[in-house]
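Notes follow once the structure below has been shown.
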Amino acid sequence: MAYLRLHHVNVTSDNMSTLAEFYEKALGLNLLPSPPMIATSAAETTDGDEAWADAAKFYEAGDPDELQIHVTQRQPYLALQEKHSVNPLIGGHYAFRTDNIEEIKAQLTANNIPFDDWGIWSVKGWHQIFLTDPAGNMIEIHEVKSTN
């Protein structure tokens with residue numbers, strides 16, 4: 001069975017500056033460098049990596065490679081823009097990292113759990129799927145693929 005480990009919690013807001021100030025100043029979390037972002041919806045509305053600083057920030061929440069808080073701009077029409085059925089940036093989500101996304105997808109399918117495969121979309125090299133648990137909580141599962 002594929003191994004899952006908690007990687008990040010994503011929180012969304014319509015007011016990024018207030019949310020980022022809370023995590024940086026009130027909680028004192030260290031800001032991490034942004035990974036290379038490639039989301040097509042952001043490319044349509046922003047101008048390169050500098051603009052991502054206004055739409056997403058990444059904070060250390062333990063091991064900086066494995067435990068993070070992602071603070072992102074709420075995007076209510078993201079799923080529609082990207083032609084998907086699940087919107088990971090409407091109300092936030094928590095994310096697991098795996099070393100075998102295909103095995104996870106097979107396991108979900110075998111258990112009749114619907115998921116939306118976004119492929120490599122948001123962060124360069126991250127193959128992401130999204131699903132909800134029975135209580136409606138949004139979950140991301142991703143595998144870091146080689147970026148060579």
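The values are calculated or read from the model by the stated rules, or taken from the named source; none is laboratory data. Remember, predicted model here, so these are calculated numbers, not experimental data. Neighbour counts run over all protein chains shown; Cβ positions are idealised from the backbone, glycine included.
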Residue count, segment 23-55, condition under 23 Å from residue 137 (Cα atoms) and modelled with pLDDT of 90 or more, comes to 1
Across (1) hydrophobic (A, V, I, L, M, F, W, C); (2) at pLDDT 85 or above; (3) surrounded by fewer than 16 Cβ atoms within 10 Å (Cβ to Cβ), residue 71 clears everything bar (3)
For segment 124-143 the number of residues that are closer than 22 Å to residue 36 by Cα and touching a strand residue (DSSP E or B) at 6+ places or on another chain (Cβ under 6 Å) is 11
Log entry, pairs with first residue in segment 1-25 being in contact (Cβ under 8 Å) with a residue 40 or more places away in the chain, second being of a type in the set (Asp, Glu) and surrounded by fewer than 18 Cβ atoms within 10 Å (Cβ to Cβ), beta carbons closer than 7 Å, six or more apart or on different chains, reads 2/99; 2/103; 3/99; 5/66; 7/66; 16/54
The condition of being loosely packed, with under 15 Cβ neighbours inside 10 Å, touching a Lys or Arg at 6+ places or on another chain (Cβ under 8 Å) and among the acidic types (Asp, Glu) holds, among 103, 60, 66, only for 66
Test: residue in segment 73-95 that is under 21 Å from residue 9 (Cβ atoms), among the charged types (D, E, K, R), touching a residue at least 40 places away in the same chain (Cβ under 8 Å) and touching a Lys or Arg at 6+ places or on another chain (Cβ under 7 Å): no
Only unsatisfied item for residue 109, checking (1) surrounded by 15 or more Cβ atoms within 10 Å (Cβ to Cβ); (2) at pLDDT 95 or above; (3) farther than 18 Å from residue 3 by Cβ, is (1)
Exactly one of 98, 132 is touching a residue at least 12 places away in the same chain (Cβ under 8 Å), touching a helix residue (DSSP H, G or I) at 6+ places or on another chain (Cβ under 9 Å) and hydroxyl-bearing (Ser, Thr, Tyr), and that one is 98
